[in-house]
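The values are calculated or read from the model by the stated rules, or taken from the named source; none is laboratory data. Remember, predicted model here, so these are calculated numbers, not experimental data. Don't worry about glycine lacking a Cβ; one is built from the backbone with ideal geometry, like all the others, and counts go over all protein chains shown.
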Amino acid sequence: MGPKIGMVSSSLKLAALARRVAHQMGVSIEIQSGTLEKSLEKGKDLEAQGVEVIISRGGTAAILRSNLSIPVLSIPMSAFDLLDSILEATKYGKKIGISVYGNPISGVEVLERYFQIEIKQIIYRDSENLRIGIRQAHNEGIEVLIGGNFSFEVSQEMGLPCILISSSEETIAGAIEEARVVASIRREEKEKTRRMEAILNSVSEGIIAIDKAGMVTLFNKVAEDILGIRGSQNSSVAMVITQLGLSEVLKTGRPKLQRLQQVGEVQIVNNMMPVYLGDEIIGAIASFVDVPKVIRTEQKVRKSYAKGFVAKYTVDNIVGKSRAMRRVIEQVKQFAPSDSTVLITGESGTGKELVAHSIHNLSARREEPFVSINCSAFPESLLESELFGYEEGAFTGAKKGGKMGLFELSHKGTIFLDEIGSISEGLQTRLLRVLQQKEVMRIGGDRIIPVDVRIIAATNQDLLTELNKGRMRKDLYFRLNILNIHIPPLRGRKEDIPYLVVSRFDFFVKKYRKRLDSLSESLLDRFIDYSWPGNVRELENIIERFVLMVEGPDQYERVLDALFEECLRTGKFLLHEEHAEDTLLESDLKAILTGTQHKKGEVAKRLGISRTTFWRRLKKTKSSN
């Protein structure tokens, strides 16, 4: 799409000539015709239509140039263009007046000698000035006037002959070509300006620039939004420049970086630099962000890194009808609204992580990250880097750009530190700082990073014992043990076992798309009789394997026997006395065979097997002996 060129002319003849020439040049031109008094109205219409450059002649061009924001080019009037008009004018006399806007036409002396005539140029700046000039020239004896439409109207009022001035095709073509070049350059400059404006308004920083005279040359939209003023509010902008100290940077040539400043009611972090052209300072520029935005950006980065760190379980996933588990659920609901540290204690497999998830999902932090880590799964050095992160180059193998630690990733949310009793004394000291100061420092770093995080810790150890042995810091223990939830072992709440078995059975049946009948009361009794040294985790494992192995009710008893016997034989799970099941089985069978005081039912119950299985194994043992 070519440039949009317009023309305002009071001469219909000139307008027709321009239209023909533009067509020959392949240029689109929008032409408005009217009197000198109407020229401004016509020009504004063209500007409103998106015309980029207007061409006009004489006084019309001058009026438009003074009142429009787009370029207005004058169609030049040369001595050559006057030839035809002068030849026509000599028919009326030898004293000829020519109305000229602005500046006199050069070269008329040659025409005077050639045609043996006298030419008087009537220079004017506005219509009234032209009227006075024509009247004065007429009084001085001119016999004919050469001019535009307005000159023609005035001369007719005075009874003075008037020849309408004409322009050649070459002159019109030159004016149109110049307009096309100006429009193209202007369009390119406008595109550059728009691109620059888009760039400056899309950056996250407010930007203010001044020239060497201290005048504002740039005040982007972000700066307006941060400071709450418009760039057009000169007095307010001048005050801001003074508060920033930008004029001082212009004067001294020394940059000022990372300055925390208060501008009005806004706190910003500001960078100011002088602008040089060679060795000369030609201006200064300030780029700044508001502190709340810095904080929001940091939180956004942390959240992007923490994507996927979510709590999967709720209090509804805690299965249990016993008094002990009702107490646990009640505590979860009581402690969730608080930001205080929670210490969850209990044997392995009792569901400490499930409780931690539930606390987070009931808290005000539920929409923020939930980060979980098992402290016993990492060596000390690796655990430290996981928790606190590190800076680039902190140690051999450190990632380029460093790494954000889990405390940073859990900012505004919750971090669950499982097996907290296994961390070293050095890490205990660093953890205590997080609890007390709510801040971390990365490995190899030199800056403090504030963190707003709730800590939930869990352990299967007796921390008081660890405290007495000197393996746990006293101050850390009391910082961790503000709110305490103890989850009893499954063998201590056997009334929960049927609900857990049915719940897990139904879950795995659905998961593996099996068609299985419900478990009978006698089978449930088998689960109740077992001691479950691995607690809920062991129960889930056995039920999952059970569902996968059986195809119908006729296999239930046999498969369950095999699973319980395998647990005892391999010693995979440990009883609370820390003896392997197979060892316990051997000793207790020996006691039965030697006629000790143990009752057979008590031994079967202690072994976690049914009476039938016990008698079968007892019979097998007797026969093998």
Subject >> Residue selected from the stretch 483-513 under the condition touching a Leu at 6+ places or on another chain (Cβ under 8 Å) and charged (D, E, K, R), by the criterion farthest from E330 (Cα to Cα) >> reply: R504
Original post:
What number of residues within the stretch 345-377 are polar (S, T, N, Q) and either modelled with pLDDT under 90 or assigned to a loop (DSSP other than H, G, I, E, B) (or both)?
Top reply: 4
**OP:** Examine the stretch 97-112 for a residue that is under 23 Å from L12 (Cα atoms), of a type in the set (F, W, Y) and either surrounded by fewer than 16 Cβ atoms within 10 Å (Cβ to Cβ) or touching an Asp or Glu at 6+ places or on another chain (Cβ under 7 Å) (or both), and state whether such a residue exists.
**Re:** no
Subject >> Qualifying position, being farther than 12 Å from S287 by Cα, out of contact with any His (no Cβ under 9 Å at 6 or more places or on another chain), part of a loop (DSSP other than H, G, I, E, B) and at pLDDT below 85, among G231, G214 >> reply: G231
Original post:
Within the bounds of the stretch 20-37, is there any residue that is of a type in the set (D, E), under 25 Å from V144 (Cα atoms), touching a residue at least 40 places away in the same chain (Cβ under 8 Å) and outside the structural domain of G133 (by TED's automatic domain parsing)?
Top reply: yes
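Residues are listed down the side, and each one gets a yes or a no for (1) more than 25 Å from C162 (Cα to Cα); (2) surrounded by fewer than 19 Cβ atoms within 10 Å (Cβ to Cβ):
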| residue | (1), (2) |
| --- | --- |
| S28 | yes, yes |
| G34 | no, yes |
| K44 | yes, yes |
| E52 | yes, no |
| I70 | yes, no |
| L82 | no, no |
| K95 | no, yes |
Subject >> Breaking point among (1) assigned to a helix (DSSP H, G or I); (2) closer than 30 Å to F335 by Cβ, for W532 >> reply: (1)
Original post:
When you look at A183, is it of a type in the set (A, V, I, L, M, F, W, C), in contact with a strand residue (DSSP E or B) (Cβ under 6 Å, 6 or more places away or on another chain) and closer than 30 Å to I146 by Cβ, yes or no?
Top reply: no
**OP:** Could you tell me whether any residue of the stretch 431-442 is in contact with a helix residue (DSSP H, G or I) (Cβ under 7 Å, 6 or more places away or on another chain), in contact (Cβ under 8 Å) with a residue 24 or more places away in the chain, closer than 29 Å to R326 by Cα and not acidic (D, E)?
**Re:** no
Original post:
Does at least one position in the stretch 151-170 carry a residue that is under 60 Å from the mean Cα position of the chain (by Cα) and more than 21 Å from T90 (Cβ to Cβ)?
Top reply: yes
Subject >> Wholly enclosed strands (runs of 3 or more DSSP E) of the stretch 32-106 bearing at least 1 residues among the polar types (S, T, N, Q) and farther than 21 Å from A173 by Cα >> reply: 95-101
**OP:** Among residues belonging to the stretch 122-150 that are of a type in the set (S, T, N, Q) and surrounded by 15 or more Cβ atoms within 10 Å (Cβ to Cβ), point out the one that is nearest to the chain's Cα centre (by Cα).
**Re:** S127
Original post:
When both residues are 6+ apart or on different chains and their Cβ atoms are under 8 Å apart, which pairs have a first residue that lies in the stretch 119-137 and is in contact (Cβ under 8 Å) with a residue 24 or more places away in the chain, and a second that is of a type in the set (F, W, Y)?
Top reply: Y124/Y101; R125/Y101; S127/F150; L130/Y124; L130/F150; G133/Y124
Original post:
If you take the residues in the stretch 63-92 that are within 14 Å of K42 (Cα to Cα) and of a type in the set (A, V, I, L, M, F, W, C), which one is nearest to the chain's Cα centre (by Cα)?
Top reply: I70
Subject >> the stretch 78-99 residues that are in the same structural domain as E128 (by TED's automatic domain parsing), paired with ones that are among the small types (G, A, S) and at pLDDT 90 or above (beta carbon under 7 Å, 6 or more apart) >> reply: K95/G141; I96/A89; G97/A137
**OP:** Give the stretch 1-31 a look and list any residue that's under 43 Å from the mean Cα position of the chain (by Cα) and part of a helix (DSSP H, G or I), or say none.
**Re:** none
Original post:
How many residues are touching a residue at least 60 places away in the same chain (Cβ under 8 Å), within 23 Å of K190 (Cα to Cα) and not aliphatic (A, V, I, L, M) if we restrict to the stretch 43-71?
Top reply: 2
Subject >> Filtered residues of the stretch 381-424 (kept if farther than 12 Å from M441 by Cα and among the polar types (S, T, N, Q)) >> reply: S381, T396, S410, T414, S422, S424
**OP:** Please go through the stretch 308-323 and pick out each residue that is part of a helix (DSSP H, G or I) and surrounded by fewer than 17 Cβ atoms within 10 Å (Cβ to Cβ).
**Re:** D316, N317, R323
